[in-house]
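Below: the structure, in structure tokens.
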Amino acid sequence: MRIISLDLSTKSSGYAIFEEDKLIGYGLIQSNKTDWRERLYDMGKTLGTLFDLYKPEHIYIEDVPLNPRGGVKTAVMLGAVQGIVYGAGASREIEMSFILPSTWRSPLGLFDGSRDGTRRDELKRKSIEKANELFGLDLIYKSPASKQNQDDISDAILLGYSQIKPRAFGKKS
């Protein structure tokens, strides 16, 4: 089974492609447009190309929490991003699942239950370390606010892997 997993945002969305339990590709979908709606248009075209090239049977998408850190505007924008993915996937009859961050992070040991463990920078660091460990990658974590951090990619990889290998980490959602 071929799957694509996505860690979505309006600026930089990570993706991972798996064939069975093997990671066969990963990367970022980015646009240099300033308006978020224009970036979504570019993202939709790139996703369509990825879906046509890899022909996934399933897409795992990180779901938007009911109370996102950025408030209502962030929720609206992330909902629009999900809509782009949903439209591109549905038009190709690809099954999709939306997975909350806590559902895939906890079984992988990224969320340890502590207050410090819920900090965004700590979750980013742990995500990159875990993806590097599991897949022998060299994804970058520079510092909490660094734009060079590759946590969008590591989150997409780990989201997909948590659903492919649920027995290793916990129940499949």
Label-to-label distance, nm, for residues given as residue 33 and residue 102 (7 Å Cα→Cβ offset): 3.4 nm
Suppose every K and R has +1 on its Cβ and every D and E has -1 on its Cβ; what is the size of the dipole of the chain about the Cα centre, in Debye to the nearest 20? 380 debye
Do any trypsin sites (Lys or Arg not before Pro) in segment 77-131 lie in a DSSP loop with no more than 14 other beta carbon atoms within 10 Å, and if so, which? 92, 115, 119
Of the listed links 73/142; 11/124; 73/165; 130/165, those spanning more than 26 angstrom between alpha carbons are 73/142; 73/165
When the charge dipole of the chain is computed with +1 at the Cβ of Lys and Arg and -1 at the Cβ of Asp and Glu, the Cα pointing farthest to the positive end, of 118, 6, 154, is that of 118
If you count only protein heavy atoms with a 1.4 Å probe, what accessible area per residue comes out for the chain, rounded to a whole Å²? 54 Å²
May I have the extent of the alpha carbons of the chain along their three principal axes, as whole Å values ordered from largest to smallest? 39, 35, 30
If I take every Cα pair under 8 Å that is 6 or more residues apart in segment 20-173, average their sequence separation and divide by the length, what percent do I get for the relative contact order? 23 percent
Dipole-positive endmost among 108, 65, 81 within the chain (Cβ charges, Cα centre): 65
Sites matching GluC sites (Glu not before Pro) across segment 1-76 that sit in DSSP coil, with at most 12 neighbouring C-beta atoms within 10 Å: 20, 57
Using a Förster radius of 41 Å, what is the FRET efficiency between residue 142 and residue 115 based on their Cβ-Cβ separation? Nearest 0.05, please. 0.95
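The values are calculated or read from the model by the stated rules, or taken from the named source; none is laboratory data. This one's a predicted model, so the numbers in the text were calculated from it and none came from an experiment. Please note: Cβ atoms are built from the backbone with ideal geometry, for glycine as well, and neighbour counts cover all protein chains shown. All accessible areas refer to the heavy atoms of the entire protein, side chains included, with ligands and DNA or RNA removed. Shrake-Rupley method; radii C 1.70, N 1.55, O 1.52, S 1.80 Å.
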